[in-house]
DNA sequence: TCGTACAGTGTACGACGTACGGTGTACGAG
DNA sequence: CTCGTACACCGTACGTCGTACACTGTACGA
């Protein structure tokens, strides 16, 4: 028993759930979630495929654990600021984290039971809203609304076929605009052209909607 | 050539891309996206697995086609009403459609090129917003915001482990509340209890956030 | 010196997507 | 009426997947 603990403490040699899950995330970041197989993951860890099953019951559990680590990376709403800036900070952090692990958002649809980090996160957000004067019901509404926006934005961002502003300009000019006939899609053409001219920044786009939602929620507080 | 057309016209015998994709959607609705394999799909159609490859280049293309059919099911914003009720109608329709094909939302992350129905939809939405007086830039913002909300809501809804209000009450009382220690998660307990008491209706929850967003967008029109 | 416990593995099975090389049948040309 | 061609369709096979199961080796208390 103490032997195992020693082993786990030694971070270099010997496997551990921690090590397995962390490496799985690295692999998924690098190769996408389709490139993550138990055999490849084991290879990456210098182990046999079946060894992984001493630390995770099956692949589903591995995926659940990966998602929960991702939630751990998201900043909790800070307590010392107003509710709006607290919510803004955690939402911005969530977007960043989800954008850096694009596979995570696609996985969420299929995982139904929230992990501990997820629960801690929800608790902290709900606490922040309640302390800011929202009723139980309003806090629920706000939660759904904000989470929907964050996840939906991340989902759309993940399905964009480019990562940088330059790539966006190139793709739009070379691929999208040519295949969008101006007769059939006049408004999309107009909007694509405007975007190329004005530049493209998902972080800015995100803030726009976020602040609009936060401002619209403000008057719904039952300010004591 | 005319032979093939005859064949395709006869809807009963003979395959066709249409028939393949429609059956694939039925299968995914029934068994989830993991239950959709080329072999099973072929079996469902009374054909051999390899026959499908005469109508779709590969499974990726099949998935793309499935998603596009789903987009076809979503109501376009009606032209004869105000922009708010037009947007509300199409958003409500989108939620309904995505809720009835829960696999679709999880697929979107991985498909990067929008199909024709998707494009038509975006064009119609953008047209509606532009005609309502939003600038090109504002229409883009509104598009991102509304789509993020709709997709994010659908994503959260799809990851709920229950479908009906009764199931929700049961799950919450029997499964969630017992495993949420009131000390560690006081606010989640409070909110779960309130939800059980008040009843649960995703459609209503959706409307709340939707109307809040629409109202917040209203003053941003450059009303001519 | 042995027994036990447990980290780690090798092999095997039934699925998967799909490349490749067939069939059969329908039809226009001779 | 025959035959070549075209094309819808399929059987088989390959490499990969998740993972059940039985096995190794080694560390350690007795």
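Pairs under 9 Å by beta carbon, first residue free of Cβ contacts under 8 Å to residues at least 12 places away in the same chain in the range A:39-60, partner in a helix (DSSP H, G or I) and within 6 Å of DNA strand C (Cβ to nearest atom), six or more apart or different chains? Close Cβ pairs satisfying both conditions: A:42/A:50; A:42/A:51.
Among helices (runs of 4 or more DSSP H) lying entirely in the range A:98-211, which contain 3 or more residues that are more than 7 Å from chain B (Cβ to nearest Cβ) and closer than 21 Å to residue B:150 by Cα?
Values: elements: A:102-108, A:116-131, A:136-158, A:165-171, A:186-198.
The helices (runs of 4 or more DSSP H) meeting that bar are A:102-108, A:136-158.
Condition (residue is loosely packed, with under 15 Cβ neighbours inside 10 Å and within 21 Å of residue B:100 (Cα to Cα)) applied to the range B:204-218: is it met by at least one residue?
yes
Can you confirm whether residue B:23 is within 14 Å of another protein chain (Cβ to nearest Cβ), at pLDDT 95 or above and surrounded by fewer than 20 Cβ atoms within 10 Å (Cβ to Cβ)? In short, no.
Among the conditions (1) surrounded by 15 or more Cβ atoms within 10 Å (Cβ to Cβ); (2) modelled with pLDDT under 95; (3) in a helix (DSSP H, G or I), the only one that residue B:3 does not satisfy is (1).
Checking each residue of the range A:83-90 against the condition of being more than 19 Å from residue A:209 (Cα to Cα) and not assigned by TED's automatic domain parsing to the domain that holds residue A:35 gives no match. A single member of B:87, B:50, B:66 is more than 12 Å from DNA strand C (Cβ to nearest atom), over 22 Å from residue A:160 (Cα atoms) and away from chain A (no Cβ under 12 Å), and it is B:87.
So which residues in the range B:32-47 are in contact with a helix residue (DSSP H, G or I) (Cβ under 8 Å, 6 or more places away or on another chain), in a helix (DSSP H, G or I), within 14 Å of chain A (Cβ to nearest Cβ) and more than 8 Å from DNA strand C (Cβ to nearest atom)? Hit for the range B:32-47 is B:33, nothing else.
The values are calculated or read from the model by the stated rules, or taken from the named source; none is laboratory data. Note that the structure is predicted; figures quoted are calculated from it, not measured. Glycine also receives a Cβ, built like all others from the backbone with ideal geometry; neighbour counts cover every protein chain displayed.
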